[in-house]
1. For a quick check: with amide H placed at 1.01 Å from N, whose amide H comes under 5 Å from Val67's, ignoring anything fewer than 5 positions away on the same chain?
2. Roughly how big is segment 141-189's charge dipole about its Cα centre, with Cβ charges of +1 (Lys, Arg) and -1 (Asp, Glu), in debye to the nearest 20?
3. Lysines near Lys136 by alpha-carbon distance under 19 Å, same-chain residues fewer than 8 away left out - which ones?
4. Helix hunt in the chain: which complete DSSP H runs extend at least 18 Å axially by C-alpha with mean Kyte-Doolittle at least -0.5?
5. Of the residues Leu159, Leu49, Leu242, which exhibits the maximal mean-square fluctuation in a Gaussian network model of the chain defined by a 10 Å Cα contact cut-off?
6. In the calculated pair distance distribution of segment 1-103, what percentage of Cα-Cα distances lie above 21 Å?
7. What figure, in Å² to the nearest 10, do you get for the accessible area of Arg101 with a 1.4 Å probe and non-protein molecules left out?
8. Per Stokes-Einstein, at 25 °C and 0.890 mPa s, what whole-number D in µm² s⁻¹ belongs to the chain, with the Kirkwood radius over Cα pairs as the hydrodynamic radius?
Amino acid sequence: MDIRIGFIGAGKMGGAILSSLLAGGAAPASQTFVFDVSGERLKSLAADLGIVPAGSVREAVLSSDAVFLCVKPQDLGKVLSELDEECVSGRLFISIAAGRRIDWLEERLPGARVVRVMPNLAVSVGAGMTVFSPGKLAGEDDCALVAGLLANTGAVKRLPEETLDGVTALSGSGPAFLAWFLEAMAEAGPGIGLDAATAGELAVQTMLGTAKVLAGGGVSVRDFIKSVTSARGTTAEGLSVLEASDAAAVVGNTLAAAARRSRELSMLP
């Protein structure tokens, strides 16, 4: 793409998106302008990826056609206060700040085209799940551009903004919840005759394989479970424990807590 891309913030998530875009050829490193509060981080990115370090938020924005906002929600207000209307009007801003709603962003970025995005950390390996919602001034060309850029990071889906608290809980925070379950399986290894390291290796590959089968779309989750389960077999025995427990309710409560926190973040000043 013939586009200049800016990044405000290049921490774990911002850095992962940045690396994926460059690896996918979304823009040459020489047209990618990055500002981060850590001078050491900027120096490292310039050496490793060849990006252009920006001396300020304003410099990164003025140098770019599309700007990724990748700072923490509680810090975003201060960052945006450094920009005036002349600087932001007409530009495309892509925000990954959890809980920061489009109307909040548009109020602080007058005249800008705004797209709100919720990625997850799997973007670091090109297997992310990213959902985006456009603001009032963002047109279909902007949506196509954002989808094209984010396609370098994995799967991309457009949804209404009112779904994003749920998206944040399920796919944004979801990798941590799945990793928690994997860790629990690894820690259960010694009880079934496996060391924890081996159990962890088996669990990760099993989850990866299951996800690949289900991502193919040829079978529903329920039918997949049935295909693995034979009457009076080992899977049936294990499932009987899960289904008799409150595990499903715990999952629901976990996602509800994460979604509630996303809504709370939208109330920050």
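1. Gly6, Leu92, Phe93, Ile94
2. 180
3. Lys157
4. What comes out of the filter, once short or polar helices are dropped, is 174-187, 196-215, 247-265.
5. Maximum among the listed residues: Leu242.
6. Percentage above 21 Å: 26.
7. 60
8. Diffusion coefficient, whole number: 120 µm²/s.
The values are calculated or read from the model by the stated rules, or taken from the named source; none is laboratory data. Keep in mind that this is a model prediction, so the values were computed, not measured. Every residue, glycine as well, gets a Cβ built from its backbone with ideal geometry; the counts of neighbours run over all protein chains shown. Each accessible area value is taken on the protein alone, full model and side chains, heavy atoms only, with ligands, DNA and RNA left out. Shrake-Rupley method; radii C 1.70, N 1.55, O 1.52, S 1.80 Å.
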